[in-house]
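Undergrad: Next up is a structure, given as structure tokens.
A short reminder: the numbers here are calculations on the coordinates, not readings from a lab. These numbers come from a predicted model, not from an experiment. Here the Cβ positions follow ideal geometry from the backbone for every residue, glycine too, while neighbour counts run over all protein chains shown.
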Amino acid sequence: MGSSFLRGAALGLPLTLLASSLALAQGDADPQNTNSSDKRITSLGAVKVTALTQPVTPPAFPATLASVPAERIEATVNAVDVEDAAKYLPSVFIRKRNYGDTQPVLATRTWGLNSSARTLVYIDDIPISALIANNNTIGAPRWGMTSPEAIDHVDMLYGPFSAAYAGNAMGGVMRIVTRMPDKTEVTIKQTEAVQSFDLYGTHGNYSTSQTTLTAGGRSGNLGWFFGANAANSFSQPLSMITGASTPAGTSGTVPALNKLGQVANVYGAGGLLHTRMLDLNGKLSYDITPQWQVSYLAGYWSNHGQSHADTYLTDAQGDPTYGKVAGFASNIYQLSAHHLMQALSVKSDTKGDYDASFVVTHYDFIKDNQWSPAGATSGTGVTTNGRLASYGGTQWSTADATGIWRPQGIGGGQEVSLGAHADRYELDNPTSNLANWQDPSTVTTLYSAGSGKTTTQALWIQDALQLAPAWLLTVGGRYEWWKASDGFNFSGKTAVQQPVEKADAFSPKATLQWSAAPDWRITGSLAKAVRFPTVGELYQLVSTGSTYSVPNPDLKPESVRSGELAVEHAVDQGLLRLSLFQENTRQALISQTSTLPNVAVPVTYVMNVGELRNRGVELVAQKDNVLIRGLELSGSVTFVDSTILSNDSFVSTAGTTSEGKHAPYVPRWRATAMATYRPNATWAFTLAGRYSGRQYSTLDNTDNTPHVFGAFDSFRVFDARAHYQINEHLAASLGVDNLTNQKYYLYHPFPQRTYVADLKLTL
């Protein structure tokens with residue numbers, strides 16, 4: 001969790017010694033969160049002052065919020081990619097398989113790894129969530145649209161309790177807030193990492209080299225920040241090639257089971273991916289007047305990679321062979337992608353009765369291709385022909401307008417905010433046959449296709465009203481209109497034009513906050529949220545190895561009713577928070593892989609589950625200068641009982657049921673812990689740990705065999721970092737991730753012990 005701290009809604013009475021003030025006293029907090037009236041703060045250290053990119057904050061979030069500032073991230077976290085900044089926030093897990101991973105999905109306390117559309121992620125006010133799908137492939141947030149060095153702090157907002165956010169916020173909202181230097185600043189950072197990996201017959205060291213350059217500053221009314229990040233990375237195997245028998249004429253098969261306890265012998269490793277990635281991003285801001293600012297953001301992402309397979313099989317002569325197993329061919333591929341995101345915003349910061357903002361964004365898959373051979377032949381050969389899967393033409397656009405009215409001005413007893421939202425998501429995902437799999441220009445015929453569009457419009461309003469000095473009431477509502485159209489699917493020789501679907505819903509919100517004493521605060525929140533199906537859930541048709549994902553154009557929206565009771569207590573140089581929460585979801589959209597009657601291969605499909613209940617408790621604690629000066633401790637423990645209450649649509653060929661079973665991908669227990677010792681102003685030594693209980697990936701919980709490919713294991717991972725601020729301009733760090741070298745699967749084999757070193761020069 002780092003130095004994560006809790007902040008209340010605007011207009012609320014602050015807790016004495018809020019952790020934001022504590023962090024500021026150490027020179028590492030967001031200056032907007034100070035409380036100059038707190039007489040128990042006796043001294044303040046040096047504060048790094050920067051101008052935030054956004055001139056006016058979004059409407060205050062009324063419920064639980066945790067945050068970590070950039071200074072803590074740099075000192076305590078082996079942060080190579082942007083998403084690493086949130087590694088130790090309470091109840092948060094980001095499924096990052098390797099450095100430069102294109103699929104790091106955010107999981108929260110109530111929703112798991114296969115729920116990318118159940119959280120929202122923003123860079124400032126720019127949405128980077130890929131609501132094109134709700135999965136671990138193209139559904140991950142576009143983290144590369146900013147640089148790690150651009151981060152000012154990261155906020156995590158728990159639950160769908162603000163009307164300002166769509167129903168996709170049912171799991172929470174992550175806000176990555178960037179900074180704009182007030183004077184010219186240039187940083188150069190070099191990061192080197194090496195992973196030592198050993199699993200079955202695959203042994204090796206896999207390295208990553210990353211160079212980051214940022215530059216920013218201000219000239220009069222113009223502010224600017226540019227970042228470039230180039231990475232050359234080699235991953236551990238992301239897949240294992242398995243089967244129920246030993247291929248004829250071969251030896252070397254490793255006996256093993258799959259997650260269901262069935263025979264799944266290991267023939268080799270796949271997905272050993274070499275990627276060369278480039279992120280370019282920039283932001284310009286211009287002060288039109290002292291009150292109004294216009295900003296433009298652009299992010300360009302380029303990725304090129306090659307994957308190969310490592311066979312354990314040998315033929316009668318002792319030579320390596322694929323044994324004609326098709327799984328080897330699907331793990332040999334090349335990829336090339338170019339994406340572009342742009343955003344334009346106009347905002348005011350009047351420091352008076354009224355403020356407004358207007359934001360438009362567009363994300364474009366300019367090119368996104370992956371091509372592979374169609375099958376394996378003799379020896380370690382593959383077929384000449386192959387297939388090309390493309391997302392080129394996939395895109396989305398969003399538009400938001402927000403107004404804020406403060407009848408008594410800033411600091412008064414009421415703040416009314418309202419807004420309008422519109423978005424359009426368009427999926428274009430054809431798979432074509434190739435005459436020569438190594439040449440993506442040799443397209444012959446269409447193999448399969450999935451395409452379609454979704455649009456949403458919304459109006460919302462929220463009122464934060466100070467009922468009395470100790471009482472703050474926030475109420476709001478959001479009405480949304482949704483439409484799915486132009487759905488098309490093709491498989492083999494069958495083409496289907498899918499029907500148009502429409503839905504609308506109203507989502508009320510209410511939060512009551514009571515500051516029972518200067519150091520106690522109790523907050524109760526209730527909300528309804530509605531998440532509409534993504535275009536990927538409706539129309540995407542893809543194959544992953546021998547498993548096929550099929551569309552379901554008849555999906556209904558899922559509806560969530562959430563509640564939370566949070567008790568916060570500020571202690572000397574620290575805080576405690578206890579949260580009780582419950583979330584009931586009707587018509588939950590769950591992806592399920594199953595072997596269906598009369599279907600020869602496993603099929604993945606999304607279905608509506610009747611009702612699902614998430615009920616749990618979260619305990620968060622943080623304290624500085626524990627026993628000795630300079631020792632900072634923080635941690636969190638979360639328990640969730642996630643139960644399927646009803647599911648009439650579940651189909652099982654084994655006679656099992658899903659009712660009463662634990663929901664997929666949600667662990668019962670999750671915990672974080674961090675200890676940082678700062679003997680002086682130049683050194684910081686950190687030991688941190690993360691724990692997750694085991695997870696199920698099937699609705700009937702029949703995947704009860706751990707530590708095999710495809711399973712979702714429990715894990716205890718410890719990380720260490722030593723950070724040295726050599727002088728004002730130069731800093732160095734050395735760290736280890738997965739210090740104890742735990743071997744575990746979250747479907748994929750996850751990284752083993754990895755050494756990380758970085759050197760940063762600031763000019």
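Undergrad: With an 8 Å cut-off on Cα pairs and a minimum separation of 6 or more residues, tell me the relative contact order of region 101-181 in percent.
TA: Once normalised by length, the contact order is 33 percent.
Undergrad: Hey, if you drop one equal point scatterer on each alpha-carbon of region 350-456 and run the Debye formula without solvent, what base-10 log of I(q)/I(0) do you get at q = 0.17, 0.18, 0.23 Å⁻¹?
TA: -0.85, -0.90, -1.10
Undergrad: Please arrange 562, 345 by counting, for each residue, the other beta carbons lying within 10 Å of its beta carbon, fewest first.
TA: 345, 562
Undergrad: Considering all projection directions equally, how large on average is the shadow of the alpha-carbon convex hull of region 664-715, in square nanometres?
TA: Mean shadow area of the hull around the Cα atoms is 4.8 nm².
Undergrad: I'd like the distance between the alpha-carbon centres of region 630-670 and region 678-752, rounded to an integer number of Å.
TA: Cα centres, region 630-670 to region 678-752: 22 Å.
Undergrad: Need one number for region 432-513: average projected area of the convex hull over its C-alpha atoms, nm². Could the numbers behind the result be given before it?
TA: Details: hull surface 38.9 nm².
So the mean shadow area of the Cα hull is 9.7 nm².
Undergrad: Right, something else. Straight-line reach from residue 367: which aspartates and glutamates have Cα under 20 Å away, leaving out those fewer than 8 places along the same chain?
TA: Once the sequence-local aspartates and glutamates are set aside, what remains near residue 367 is 101, 279, 426, 428, 439.
Undergrad: Any idea what % of Cα-Cα pairs in region 722-763 are farther than 16 Å?
TA: Details: 449 of 861 pairs.
Counting every Cα pair in region 722-763, those more than 16 Å apart make up 52 percent.
Undergrad: Short version: what are the Cα gyration tensor semi-axes of region 615-670, square root of 5 times each eigenvalue, largest first, in whole Å?
TA: Values for region 615-670, descending: 42, 9, 6 Å.
Undergrad: Another question about this same structure. In Å, what Rg and Dmax follow from the Cα atoms of region 232-323?
TA: 24.2, 79
Undergrad: Given the DSSP H assignment, sum -39500 (n - 2.57) over each helix run of at least 4 residues in the chain and divide by its residue total; what's the result at 222 nm in deg cm²/dmol, nearest 500?
TA: Computed mean residue ellipticity for the chain: -500 deg cm²/dmol.
Undergrad: Which three numbers, in whole Å and largest first, are the semi-axes of the equivalent ellipsoid of region 265-313 derived from its Cα gyration tensor as √(5λ)?
TA: 48, 10, 4
Undergrad: Below 19 Å, Cα to Cα, which aspartates and glutamates can residue 509 reach? Residues fewer than 8 away in the same chain don't count.
TA: Straight-distance partners of residue 509: 415, 463, 480, 558, 564, 583.
Undergrad: Is the shape of region 302-382 best called rounded, prolate or oblate, per the rule: a/c under 1.5 gives rounded, else a/b larger than b/c gives prolate, else oblate, with a ≥ b ≥ c the square roots of the Cα gyration tensor eigenvalues?
TA: Prolate is the answer for region 302-382, as a/c is 1.5 or above and a/b outweighs b/c.
Undergrad: In 10 Å bins starting at 0, how do the alpha-carbon pair distances of the chain split up by percent?
TA: Histogramming the chain at 10 Å steps yields 3, 14, 25, 28, 20, 9, 3, 0, 0 percent.
Undergrad: Here's another thing I want to ask about it. For region 109-204, what class follows from the C-alpha gyration tensor (a ≥ b ≥ c being the square roots of its eigenvalues): rounded when a/c is under 1.5, otherwise prolate if a/b is larger than b/c, else oblate? It would help to have the intermediate numbers written out before the result.
TA: Values: a/c = 2.55, a/b = 1.10, b/c = 2.32.
Note, shape of region 109-204 comes out oblate.
Undergrad: Expressed in nm to one decimal, what extension gain is obtained for the pair residue 260 and residue 659 from 0.36 nm per residue of sequence separation less their Cα-Cα distance? Each step should come with its number before you reach the end.
TA: Details: separation 399, 0.36 × 399 = 143.64 nm, distance 1.85 nm.
Full extension of this stretch gives 141.8 nm more.
Undergrad: Further question on the same structure: I need to check one value: relative contact order of the chain, counting alpha carbon pairs closer than 8 Å and at least 6 residues apart, in percent.
TA: Computed value for the chain: 11 percent relative contact order.
Undergrad: Then there is this: Whole number please: convex hull volume per residue of the Cα set in region 479-528, in Å³?
TA: Hull volume over Cα atoms, normalised by residue count, gives 117 Å³.
Undergrad: Projected onto the charge dipole of region 414-563 (+1 at Lys/Arg Cβ, -1 at Asp/Glu Cβ, origin at the Cα centre), which of 503, 487, 551 gives the Cα projection farthest towards the positive end?
TA: The residue sitting most towards the positive pole is 503.
Undergrad: Give 96/556; 351/556; 283/528; 661/743; 324/453 a once-over and call out the pairs whose C-alpha atoms are over 32 Å from each other.
TA: Working: 96/556 30 Å; 351/556 44 Å; 283/528 35 Å; 661/743 27 Å; 324/453 39 Å.
351/556; 283/528; 324/453, as the Cα separations exceed 32 Å there.
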